[in-house]
1. Could you tell me which residue of segment A:231-283 is most open to solvent (accessible area, probe 1.4 Å), considering only residues that are on the phi > 0 side of the Ramachandran plot and in contact (Cβ under 8 Å) with a residue 40 or more places away in the chain?
2. Restricting to segment A:160-179, name every residue that is in a strand (DSSP E or B) and over 9 Å from A:ILE74 (Cα atoms).
3. Restricting attention to helices (runs of 4 or more DSSP H) lying wholly within segment A:416-489, give those where 1 or more residues are touching a residue at least 40 places away in the same chain (Cβ under 8 Å) and surrounded by fewer than 19 Cβ atoms within 10 Å (Cβ to Cβ).
4. For segment A:112-120, does any single residue satisfy the condition of being within 18 Å of A:ARG198 (Cβ to Cβ) and open to solvent by less than 20 Å² (accessible area, probe 1.4 Å)?
5. Is it true that some residue in segment A:390-404 is part of a helix (DSSP H, G or I) and over 27 Å from the mean Cα position of the chain (by Cα)?
6. Quick one: which residue in B:ALA25, B:ALA39, B:ALA33 is surrounded by 12 or more Cβ atoms within 10 Å (Cβ to Cβ), within 25 Å of A:VAL379 (Cβ to Cβ), free of Cβ contacts under 8 Å to residues at least 40 places away in the same chain and more than 7 Å from chain A (Cβ to nearest Cβ)?
7. Determine which member of the set A:ALA158, A:ALA135 is of a type in the set (A, V, I, L, M, F, W, C) and closer than 15 Å to A:PRO213 by Cα.
8. Which members of segment A:46-67 meet the condition of being of a type in the set (A, V, I, L, M), open to solvent by 20 Å² or more (accessible area, probe 1.4 Å) and closer than 22 Å to A:THR87 by Cα?
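The values are calculated or read from the model by the stated rules, or taken from the named source; none is laboratory data. The structure displayed is predicted, hence computed values, not measured ones. Because the Cβ atoms are built from the backbone with ideal geometry, glycine has one as well, and the counts that use them run over all protein chains shown. Remember, those area values only see protein heavy atoms, side chains included, never the ligands or the DNA or RNA. Shrake-Rupley method; radii C 1.70, N 1.55, O 1.52, S 1.80 Å.
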Amino acid sequence: MTLFKYSASELQEMIHNKEVTIEELTAESYKRIESLDGDVKAFLALNKEQAIAQAKEMDKVPASKRGPLFGLPIGVKDNIVTEGLETTCSSKILEGFNPIYDATVVRKLREAGMITIGKLNMDEFAMGSSTENSAYKTTSNPWDLDRVPGGSSGGSAAAVAAGEVPFSLGSDTGGSIRQPASFCGVVGMKPTYGRVSRFGLVAFASSLDQIGPITRNVRDNALLLEAISGVDESDSTSANVDVPSFVESLTGDVKGLRIGVPREYLGEGVSEAVKQSVLDALKVLESLGATWEEVSLPHSKYGLATYYLISSSEASSNLARFDGIRYGFRAENVENLMELYKETRAQGFGDEVKRRIMLGTYSLSAGSYDAYYKKAQQVRTLIKQDFDQIFEQYDVIIGPTTPTPAFKVGENIDDPLTMYANDILTIPVNLAGVPGISIPCGFSEGMPLGLQIIGKHFDEATIYRVAHAYEQATSFHKQTPQLWEGANS
Amino acid sequence: MANISKEEVKHVAHLARLAITEDEAEKFAGQLAAITTFAEQLNELDTTNVIPTTHVLPLVNIMREDQSVAGLDRDKMMKNVREQEAGQVKVPSILD
């Protein structure tokens with residue numbers, strides 16, 4: 001039994017009643033990591049000494065100055081910069097890089113009194129769906145160590161699923177929070193583009209990237225999103241819109257809610273077990289007073305191609321900054337500056353990152369720009385319009401998060417297109433910029449399945465209300481992987 | 001199927017400042033051809049007069065007061081520089 005089975009509010013009560021101190025809670029996280037992470041391999045750098053010292057100080061803070069997340073441990077994806085704590089994006093090119101400032105979200109975590117436990121493994125520069133593209137290690141799925149945890153925020157989802165931390169931050173460019181949350185049986189939210197500041201998030205595809213929370217239940221997720229949201233003068237693409245209390249929206253009431261279910265999301269390529277779990281979930285929501293109808297997102301099949309052109313083009317530009325000069329890896333034994341650039345990047349980046357830089361450079365190059373990059377941006381408009389039209393008549397869109405449960409390590413790694421197809425149901429959400437969550441909705445082959453709930457721009461509140469009502473009516477989120485109990489803590 | 005030659009791959013690699021071996025050029029030529037062929041399904045759609053989406057939010061010209069603020073600390077900035085001399089970043093010669 002671990003403390004991290006409890007929700008944030010239960011943990012606060014335990015702290016308040018002096019059943020546990022913040023220092024003990026922090027130590028519990030490191031104990032779990034010590035006993036489990038040899039198998040799960042979710043963490044990269046650990047912040048142990050500082051975290052314990054911080055926890056000791058926090059135990060002295062009076063109760064009146066504590067918020068709902070005060071003193072609770074969190075893991076942070078390794079593409080979010082943390083001052084003085086190594087941040088590599090799971091790439092050799094940033095090995096040994098110690099950021100000299102905190103990302104805005106990290107500052108907000110600190111202001112909320114959360115304790116950063118360490119940095120979490122990911123696909124290199126967030127490019128991938130399995131963490132197999134990490135230059136350091138492949139994270140295992142806590143439900144079956146032979147399977148992938150998903151990606152790119154695989155470490156963030158696996159650490160929460162294994163009970164190493166009750167909270168983590170991930171980032172989602174084409175499904176990188178929702179797909180691993182689905183594979184690992186946890187709750188993962190990609191907020192509306194612009195809801196959360198991207199300042200200090202190492203950029204992959206700037207028009208798509210968004211930071212979001214991964215937790216074991218919907219309420220904790222809403223609490224954490226509330227803490228990290230808001231406009232930021234350091235990110236001109238963060239939106240100046242009110243941040244409502246997401247927790248207050250958790251009323252349990254979904255009577256009269258109108259749900260659209262895209263036929264394309266229950267079509268070819270989606271496994272029978274996944275389809276069935278979604279239909280069962282819709283029955284649960286119907287029994288609570290919601291109604292659903294089949295709708296169409298006719299351009300969703302073009303999402304994958306659109307996404308790879310746009311995200312790779314943006315990446316080829318964003319990753320130009322890694323040149324070996326001011327930080328990170330630098331190639332040795334070179335003759336001149338051009339060779340330094342080329343050798344540093346050739347030795348520092350992994351294959352998938354190179355492949356995408358090349359694709360992006362190609363699609364932006366003279367003679368290809370109109371045919372690839374501009375065409376993809378035009379199709380993006382059509383995909384966005386599909387969502388706009390549905391949201392004129394429906395409150396949320398529901399479908400599966402992924403076409404199948406987690407696959408085996410090594411199964412798809414040599415075939416980029418098959419690997420990319422994992423994200424076919426999550427990508428359109430990023431292209432449209434709308435928010436989407438994945439919550440546990442069943443099991444197949446012993447592996448968790450995820451239900452995806454998509455909402456209108458800046459309407460995370462409705463998504464949370466629906467997710468919470470469904471969660472309260474089911475018990476999938478209470479199940480834990482076998483290794484959970486085996487840990488000696 | 002889109003055809004991308006090894007020479008084209010080498011040109012793109014140069015633009016992207018990536019050193020590339022003959023074997024890699026060969027491998028990437030095949031993979032890039034497969035991905036671009038896949039991407040050409042977008043040509044099924046008529047996008048005449050469709051405005052490209054560069055950004056999903058209606059944001060224009062985010063301005064701030066033109067006031068000077070302190071930048072990052074110089075010593076801190078030099079911390080991650082691998083090769084430096086007299087407080088400056090060292091690079092190989094830039095002229096032949």
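1. A:GLY269
2. A:GLY170, A:SER171
3. Output list reads A:460-473, A:483-486.
4. For segment A:112-120, residues within 18 Å of A:ARG198 (Cβ to Cβ) and open to solvent by less than 20 Å² (accessible area, probe 1.4 Å): present.
5. Within segment A:390-404, not a single residue is part of a helix (DSSP H, G or I) and over 27 Å from the mean Cα position of the chain (by Cα).
6. B:ALA33
7. A:ALA158
8. A:LEU46, A:ILE52, A:ALA53
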